[in-house]
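Asker: The structure is given below, and queries will be raised subsequently.
The values are calculated or read from the model by the stated rules, or taken from the named source; none is laboratory data. Just so you know, these numbers come straight off a predicted model, no measurement behind them. Neighbour counts run over all protein chains shown; Cβ positions are idealised from the backbone, glycine included. These accessible areas exclude ligands, DNA and RNA; they are computed on the full protein's heavy atoms, side chains included. Shrake-Rupley method; radii C 1.70, N 1.55, O 1.52, S 1.80 Å.
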Amino acid sequence: MKETQFLPRNYSNNIACGEVAWSSPSNIALVKYWGKKKYQIPQNQSISFTLDACKTKTKLHFEKKDQNNDGFSFDVIFEGAKNEGFKPKIETFFKRIDAYLPFLKTYHFTIETSNTFPHSSGIASSASGMSALALCLVDLEKQLIASDASLEEQDRSVEEDYFVKKASFLARLGSGSACRSIEGDIVVWGEHDEIEGSSDLYGVRYLEEVHENFKNYHDTILLVDKGEKQVSSTVGHDLMHGHPFAKERFGQAEENITKIKAILKSGDLKAFIALIESEALTLHAMMMTSMPYFILMKPNTLEIINKIWAFREETGLHIGFTLDAGANVHVLYPENEAEEIYEFINTELVAYCQNGHYICDRIGFGACKL
Ligand code: DP6
């Protein structure tokens, strides 16, 4: 699909006001998106597990404006209170998607949103937040397009496929990784020769064979540092322009998608851990070797990593970690070893979390309408 396929169709329904609500999850990348071209096009392919517990719930109330003026009109209510802080990011999002949803300026919106995880946890809420909002907007668009009751089942599934793709396409324009949050349980973003249907424009569900070992995979998120991010991901992505190792990194990510495809099929957990840990450390290495340079890990991040390595060596259990662009550690492990590993996390790792806080999550199945 090309961008032009997401341009609007005829809106034949005139709706004065109403409400839509969606819940959308966060996701954790296994092969990381780091570096982008213009218009939120990724420099390399990425693949993620959709999460289950970390979600944003968004209710979009819409009301036709009396006068069709030029600007966007919206209020944001975050966790029950009016919030001005989110408005600039949403304004930018609306500007980017205006051509694809021309009704935006004809409504006043009240965006009521909340997270199932603590806001100040240092967990990126842009993926769940932007995907939930994108879903509300495509849902409204669907209502504005008159539905055709005579559609054959096949055409209906084409419509559904379009809905999901457009939601992911729009979410990407809000925040790149958000395009991987519409569906579950594994999503690829970025065109790759070995992933059928993959695209730079939106995320696609990973439909290749996946071994039982990865069913119900756990992700315990250790909240090492709940503060504001030291560098926003947008700034971080920018630092890949002119980065001395950029070309090699983008090539490596492409190869890692090929490798992880074989790993997901075979169920080789050792190889899986080696790949995700290397990806996480490479992401941080890119930040450490950019100009300006950053260290986003904290002493406790390293303490946790070393504890995980020692425990793995000692027990032979398949515990591994990944990191996002911050100090928190995502501890990944299979369902059949969950009991012992969870016990270890509780006794050995929780002490390194800020105020002892962590979040138990696992691989999930994507967004849903509320
Ligand atoms: C390290 O999607 O937050 O989490 O497109 O600028 O909004 P923007 O960036 P964002 O970047 C996420 C980077 C990452 C890796 C990943 O999720 O793939």
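Asker: Just to be sure, is Phe93 within 15 Å of the ligand (Cβ to nearest atom) and at pLDDT below 95?
Answerer: When the stated conditions are applied, Phe93 does not pass them.
Asker: Among the residues of region 262-293, write down those that are among the aromatic types (Phe, Trp, Tyr) and closer than 17 Å to Val235 by Cα.
Answerer: Tyr293
Asker: Can you name the condition, by its number, that Leu275 falls short on among (1) more than 21 Å from the chain's Cα centre (by Cα); (2) in a helix (DSSP H, G or I)?
Answerer: Result: Leu275 passes all but (1).
Asker: For Pro8, work out the one condition from (1) under 18 Å from Leu173 (Cα atoms); (2) within 14 Å of the ligand (Cβ to nearest atom) it doesn't fulfil.
Answerer: (2)
Asker: List, please: which pairs have Cβ atoms under 8 Å, are six or more places apart or on different chains, and start with a residue in region 90-112 that is touching a residue at least 24 places away in the same chain (Cβ under 8 Å) and within 21 Å of Ser128 (Cβ to Cβ) and end with one that is open to solvent by 10 Å² or more (accessible area, probe 1.4 Å) and among the β-branched types (Val, Ile, Thr)?
Answerer: Thr110/Ile77; Ile111/Ile77; Ile111/Ile90; Glu112/Ile77
Asker: Enumerate the pairs (first residue in region 59-78 and farther than 14 Å from Leu137 by Cα and free of Cβ contacts under 8 Å to residues at least 40 places away in the same chain; second residue anywhere and acidic (Asp, Glu) and buried (at least 17 other Cβ atoms within 10 Å of the Cβ)) with beta-carbon separation below 6 Å, excluding pairs fewer than 6 apart on the same chain, so at least 6 apart or on different chains.
Answerer: Sorted first by the residue in region 59-78, then by its partner, the pairs are Ile77/Glu112.
Asker: Hey, another quick one. Answer with yes or no whether Ala167 is in a helix (DSSP H, G or I), open to solvent by less than 10 Å² (accessible area, probe 1.4 Å), within 14 Å of the ligand (Cβ to nearest atom) and small (Gly, Ala, Ser).
Answerer: no
Asker: Taking Tyr293 and the conditions (1) touching a residue at least 12 places away in the same chain (Cβ under 8 Å); (2) surrounded by fewer than 16 Cβ atoms within 10 Å (Cβ to Cβ), which numbered condition does it fall short on, given that it satisfies the others?
Answerer: (1)
Asker: Continuing with the same structure: Could you check Asn300 against (1) open to solvent by 80 Å² or more (accessible area, probe 1.4 Å); (2) more than 16 Å from the ligand (Cβ to nearest atom) and say which number it fails?
Answerer: Among (1) open to solvent by 80 Å² or more (accessible area, probe 1.4 Å); (2) more than 16 Å from the ligand (Cβ to nearest atom), Asn300 violates only (1).
Asker: Quick one: which strands (runs of 3 or more DSSP E) sit completely within region 171-259 and have at least 2 residues that are more than 17 Å from Met287 (Cβ to Cβ) and within 12 Å of the ligand (Cβ to nearest atom)?
Answerer: Per the criteria, 186-189.
Asker: Which of the residues that make up region 32-48 are outside any loop (DSSP other than H, G, I, E, B) and within 8 Å of the ligand (Cβ to nearest atom)? Please lay out each step first, then the result.
Answerer: First, the residues of region 32-48 that are outside any loop (DSSP other than H, G, I, E, B): 36-42, 46-48.
Scanning region 32-48 gives Lys36, Gln40, Ser46, Ser48.
Asker: Same structure again: Would it be correct to say that Ala53 is assigned to a helix (DSSP H, G or I), closer than 30 Å to Leu207 by Cα and not charged (D, E, K, R)?
Answerer: When the stated conditions are applied, Ala53 does not pass them.
Asker: Out of all the residues in region 67-87, is one or more closer than 16 Å to Ala171 by Cα and within 14 Å of the ligand (Cβ to nearest atom)?
Answerer: Yes, region 67-87 has at least one match.
Asker: Could you identify the single residue in Ala271, Ala253 that is among the small types (Gly, Ala, Ser), out of contact with any His (no Cβ under 9 Å at 6 or more places or on another chain) and open to solvent by 10 Å² or more (accessible area, probe 1.4 Å)?
Answerer: Selected residue: Ala271, the only one of Ala271, Ala253 that is among the small types (Gly, Ala, Ser), out of contact with any His (no Cβ under 9 Å at 6 or more places or on another chain) and open to solvent by 10 Å² or more (accessible area, probe 1.4 Å).
Asker: Taking interchain pairs and intrachain pairs at least six residues apart, which have beta carbon atoms under 6 angstrom, with the first residue in region 190-219 and on the phi > 0 side of the Ramachandran plot and the second hydroxyl-bearing (Ser, Thr, Tyr) and open to solvent by 40 Å² or more (accessible area, probe 1.4 Å)?
Answerer: So the pair list comes out empty.
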